[in-house]
1. Taking the Cα centre of the chain as origin, sum charge times position over the Cβ atoms of Lys and Arg (+1) and Asp and Glu (-1), and report the length of that vector in debye to the nearest 20.
2. What value, in deg cm²/dmol to 500, does the helix sum -39500 (n - 2.57) over DSSP H runs of n ≥ 4 give at 222 nm once divided by the residues of the chain?
3. Using a cut-off of 14 Å between beta-carbons, work out the net charge of the residues near Phe196 (Lys and Arg +1, Asp and Glu -1, Phe196 not included).
4. Taking the Cα centre of the chain as the origin and placing charges on Cβ (Lys, Arg +1; Asp, Glu -1), which of Ala131, Ile113, Thr40 is farthest toward the positive end of the dipole?
5. Charges on Cβ only, +1 for Lys and Arg, -1 for Asp and Glu, centred on the Cα centroid of the chain; of Leu201, Ala140, Tyr175, which one is farthest towards the dipole's positive end?
6. Exposure proxy check: Phe8, Phe164 ranked by fewest other beta carbons within 10 Å?
7. Once the Cβ-Cβ distance between Glu180 and Trp35 is put in as r, and R0 is 30 Å, what FRET efficiency do you end up with, to the nearest 0.05?
8. Can you tally the net charge around Ala140? Count Lys and Arg as +1, Asp and Glu as -1, for every other residue whose Cβ sits under 11 Å from the Cβ of Ala140.
Amino acid sequence: MTEGDYEFRDWEKRVPRRLLSAVEEIRESFRETEWKSNWTTQAWCFALLHPDDCVAAEKAMENASTLEILQRSLRPTALQSVRYYLQLGNPPATLQAFFVIHAEVMSVRVQAIYELLLGLAESHCDQIHGAPMNWAEWQARSLIRLAKRQIGLWLKCCCDLQQFDPDDPSDEYIYWRKWECPRFVSMQPGIGKRPFDPARLWEREDAETSGEVIDRFERYFVLYLESSLKTQLANCPPMAKVNVAAASQQSYLGKTGT
């Protein structure tokens, strides 16, 4: 957990006891979407990066319908970017395509979650400390930071299959700290700065550089989602926010999930 994440610990302390169950349901719906997007995008990314792995191809096909659903939720600009990267077909472009899918899916979801939280806060404004909009935004941002903590593992699983060493007494199998990322992860047209070099795609970075690469992906993920949330706040007038949130909350009471 980085220094900036400590602010978002103990989210329950900011939720009135009477609203705790409702907020937990909303947060669980966010985590369900995250799990589906995380698993599906990493399975497909790994399969495309390892075209000779028949098992990986089978796992990807098992998630084909889910990937189609995720892609339908993308906004036009993001969908255009994904199609461009997939058309390029090289490893850094493939990784970038699925990173955009995952970040975009969670970005759209965090906007919906904010509306649910705002509707809940407006309906119980006498129990919320501070303005309902600020409370809902803080809760949404706490979920973004929660999702960020899975990005490192997502990146590793997109690129590699973790090997289990039965003679290793450490917790490496759990935390995978010794992972060394392929060099293409830092190449363009992804979020890295290295120029594309087809001769060095699968060369490995050292552990320290790999950690820096993971940090870069985490920061980009947070920036992507928080920018989307800020755009939503800026473009939606206060009364419209209340009306949309109320409608979302009524829908949510009938069903949960993605």
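Every number here is computed from the coordinates shown, using simple stated rules; none is lab data. All figures in this text were calculated on a predicted structure; none of them were measured in a lab. Counting neighbours? That spans all protein chains shown, and the Cβs are built from the backbone with ideal geometry, glycine included.
1. On the way: 30 positive and 36 negative charges, 216 e Å.
In total the dipole reaches around 1040 debye.
2. On the way: 10 runs with 170 residues, N = 258.
When only DSSP H runs of four or more count, the value is -22000 deg cm²/dmol.
3. Details: positive: Arg183, Lys193, Arg194, Arg200; negative: Asp197, Glu203.
That works out to +2.
4. Ala131
5. Of Leu201, Ala140, Tyr175, it is Ala140.
6. Working: Phe8 18, Phe164 7.
Lowest to highest Cβ neighbour count: Phe164, Phe8.
7. On the way: r = 27 Å, r/R0 = 0.89.
For R0 = 30 Å, the calculated efficiency reads 0.65.
8. Numbers: positive: Arg27, Arg109, Arg141, Arg145, Lys230; negative: Glu115, Glu137, Glu226.
Taking every Cβ under 11 Å from that of Ala140, the sum is +2.
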